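Inspection log for the structure reproduced underneath, given as structure tokens.
The values are calculated or read from the model by the stated rules, or taken from the named source; none is laboratory data. Predicted, not measured: the structure shown is a model, and the values here were computed from it. Quick reminder, even Gly has a Cβ in these numbers, built from the backbone with ideal geometry, and neighbours come from all protein chains shown.
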Amino acid sequence: MASAAEPAPIAIGLMLCDQVIIDKDTNKPCLLGIFTGLAVEDFKESQRFSVFLTLTNGRGHVKLELICLRLDNGEPIYDQTYNTVFPDPLTLVNVNIRVRSIRFPVPGSYDFLIRANGELIAQRKIRVYSPHA
């Protein structure tokens, strides 16, 4: 685990998308269905998608935490941890966090936060809405 004195990794990008496919020949990621808004048919149903980020300046083992907050009241609705390893600080590390079951309780704005060893390094706001409204 990285010590508290070491700087947190730097997030170069954070995207939400339907799916991430890794090209078998080049090992390059392909993000399908990137979104900043999400139409939800039934707010009682769980949603599935990917949170993809690219990080640099990491050192050793880093614990990442993905948190989703309702912006209307600050209530967390989702939390997932993910561990990654940086071979050296100059390496770019792509991280695909599969969100397998998240339920948005109401239409509105939600904030996805990424913390590395407890420090906020990236965030992305999305709008969740009913397609019938």
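Table: residues versus (1) at negative phi; (2) more than 17 Å from the chain's Cα centre (by Cα).
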| site | (1), (2) |
| --- | --- |
| 17 | yes, no |
| 27 | no, yes |
| 31 | yes, no |
| 39 | yes, yes |
| 46 | yes, no |
| 55 | yes, no |
| 78 | yes, no |
| 87 | yes, yes |
### Query
Is it true that some residue in segment 1-20 is modelled with pLDDT of 95 or more, over 18 Å from residue 82 (Cα atoms) and aliphatic (A, V, I, L, M)?
no
### Task
Note down all Cβ pairs under 7 Å where the first residue falls in segment 17-35 and is closer than 25 Å to residue 127 by Cβ, the second is exposed (fewer than 10 other Cβ atoms within 10 Å of the Cβ), and they're at least six residues apart or on different chains.
30/23
### Task
Could you list, in sequence order, all residues of segment 21-56 that are modelled with pLDDT under 95 and either in contact with a helix residue (DSSP H, G or I) (Cβ under 9 Å, 6 or more places away or on another chain) or of a type in the set (S, T, N, Q) (or both)?
26, 27
### Query
Taking the stated definitions as given, is residue 20 among the β-branched types (Val, Ile, Thr), buried (at least 16 other Cβ atoms within 10 Å of the Cβ) and in a strand (DSSP E or B)?
yes
